[in-house]
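K.L.:
My structure is below; once you've seen it, I'll send some questions.
The values are calculated or read from the model by the stated rules, or taken from the named source; none is laboratory data. Predicted, not measured: the structure shown is a model, and the values here were computed from it. Virtual Cβ from ideal backbone geometry, glycine too; neighbours counted across all protein chains shown. When the accessible area is computed, the model is the full protein with side chains, heavy atoms only, and any ligands, DNA or RNA have been set aside. Shrake-Rupley method; radii C 1.70, N 1.55, O 1.52, S 1.80 Å.
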Amino acid sequence: MINTYLSTYKNNFKNNQIEYIFTFLIYLLPFSIITFSFINIYKVPYSYILLIVLSIQLIVGYKFSELKIDKSQLILFFISINCLIISYVFNDNYSFIPVIGVLIRMVTVLLASLFQINIKLLFSSLINSIPYYLIPTLFCDKLNFFESISTNSNNLAASLISIILFIFLIKSKYKNLKISSLNYLKIILPAFLVLILTESRSVLVSLFLSFMLVGFISQFKYFISNLKIKISFIRVLFSTLIASVLILTSIFSLNTSGNYLSRYYFLNNNSNSGINEFEAVSSDLKRYYLFTYSVSDILQNPFFGNGAGNDQKVFSKIKEFTNFNNQRKTLHNVYLTISYQFGIPLLIFLILFIRKSIFINFKNDRTNILKVMIFFYVFLGLFNDIFAKNYFILILILISLKYKYREMS
């Protein structure tokens, strides 16, 4: 009887358990972006949940799982951890929390790369989760329906685009996975609504640049070999431009709040916005000064950084803006944040670790959609601390998981 129970448990574990757990995490992602200011605990500890889930899976089911460790990934992991520890030891640190944050995310990605799961349930769950992103959209800054409930517009837009890109990445890898016309509508309509209502400059710019860059690189290689222009390049070019025009036109036409893109009233002649030109571009100037002052400090301590949590010192050094308050903020640039706190070596090895985690499963699948996804995050990292964001870690985990296609029972 015991043997029968263990055999049943083994089959259930291998066929269902981990797939359904990740399904839950996929559906949880859009709601983890919502914050509630009227209660003390108002953020879902998403990254911690991911780590706990993978740890339990490893402890409970290691006998029944096909666990394989990539040696080069493991080496990059330990080198990065050593860089992190050395930086912390050699600096006067403000907080240990950034160290824990980097460590948790690296361990989570490493653990994810050990497991192999069925992709079919995961694929359908990704598609079905798309409409749920309209719920946190109701609480974004532009609509402002509820003062005590809010959603970070950049995180919301980046989360949705990340999931959509991953859907098409998986579809390109597994030809048996199809998307119906209804599901295409389920993907495209929420995507347009979220991009219009969030007005995330970083996401819009990163998405546009990634598509255009991959398209031009692909066309350039093809033109060198064949001296022709690909029809697919023309389609992608016009589709990207038309989608961009539709989104930007909708943003400038519908927004009257003065937030985000349409605050640049001089672009759409909205003279009633009540915002002068300097106020409209002030946040862009602040980011410029954050960049210049951060780079200056990084160059002074390029190897060990300036200490965990000490990136906040940059704000007090900016003389051009005196209205920076004492509230702790981010540098809005993942490369600056990591280099400033822990040094350039950690940034390099961390990028190599992430790259290896991606190409464990996709080393022979250098499709254009994978390139778009990679460039999207490369550009997005210039505007956000994406390594600390839930959507980036979830996508890294989903990419790191080893997949197999089988019909669901």
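K.L.:
For region 167-210, which residues satisfy the criterion of being of a type in the set (Asp, Glu) and open to solvent by 50 Å² or more (accessible area, probe 1.4 Å)?
P.N.:
Passing the criteria: none in range.
K.L.:
Condition check: open to solvent by less than 60 Å² (accessible area, probe 1.4 Å), in a helix (DSSP H, G or I) and at pLDDT 95 or above. Does LEU398 satisfy that?
P.N.:
It is false that LEU398 is open to solvent by less than 60 Å² (accessible area, probe 1.4 Å), in a helix (DSSP H, G or I) and at pLDDT 95 or above.
K.L.:
May I pose another question? Looking at region 185-196, can you tell me whether even one residue there is within 18 Å of PHE379 (Cα to Cα) and either part of a helix (DSSP H, G or I) or more than 17 Å from the chain's Cα centre (by Cα) (or both)?
P.N.:
yes
K.L.:
If a residue has to be within 24 Å of PHE303 (Cβ to Cβ) and of a type in the set (D, E, K, R) to count, how many in region 83-127 make the cut?
P.N.:
Looking only at that region, the number is 2.
K.L.:
From the residues in region 298-312 that are open to solvent by 30 Å² or more (accessible area, probe 1.4 Å) and part of a helix (DSSP H, G or I), which one is nearest to LEU347 (Cα to Cα)?
P.N.:
Looking at the filtered set, the residue picked out is LEU299.
K.L.:
Would you check if PHE115 is within 21 Å of TYR46 (Cβ to Cβ) and modelled with pLDDT under 90?
P.N.:
Yes: the conditions hold for PHE115.
K.L.:
Looking at LEU111, LEU138, which one is open to solvent by 10 Å² or more (accessible area, probe 1.4 Å) and over 19 Å from the mean Cα position of the chain (by Cα)?
P.N.:
Every option except LEU138 fails the conditions.
K.L.:
Of everything in region 72-115, what is over 17 Å from GLY309 (Cβ atoms) and in a loop (DSSP other than H, G, I, E, B)? Give them in sequence order.
P.N.:
Answer for region 72-115, where residues must be over 17 Å from GLY309 (Cβ atoms) and in a loop (DSSP other than H, G, I, E, B): SER113, LEU114, PHE115.
K.L.:
If you check every pair at least six apart or on different chains, which have Cβ atoms under 7 Å apart with a residue in region 362-373 that is hydroxyl-bearing (Ser, Thr, Tyr) first and a residue that is open to solvent by less than 70 Å² (accessible area, probe 1.4 Å) second?
P.N.:
THR367/SER172
Matching residues to (1) at pLDDT 85 or above; (2) assigned to a helix (DSSP H, G or I); (3) open to solvent by 60 Å² or more (accessible area, probe 1.4 Å):
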site: MET212; (1), (2), (3): yes, yes, no
site: SER218; (1), (2), (3): yes, yes, no
site: LYS221; (1), (2), (3): yes, yes, yes
site: SER239; (1), (2), (3): yes, yes, yes
site: GLY258; (1), (2), (3): no, no, no
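K.L.:
Here's another thing I want to ask about it. PHE375 is checked against (1) modelled with pLDDT of 90 or more; (2) open to solvent by less than 30 Å² (accessible area, probe 1.4 Å); (3) not hydroxyl-bearing (Ser, Thr, Tyr) and fails just one. What number does that condition carry?
P.N.:
(2)
K.L.:
Here's something else I'd like to know. On the basis of being of a type in the set (A, V, I, L, M) and either buried (at least 16 other Cβ atoms within 10 Å of the Cβ) or modelled with pLDDT of 80 or more (or both), does LEU76 make the cut?
P.N.:
Yes: the conditions hold for LEU76.
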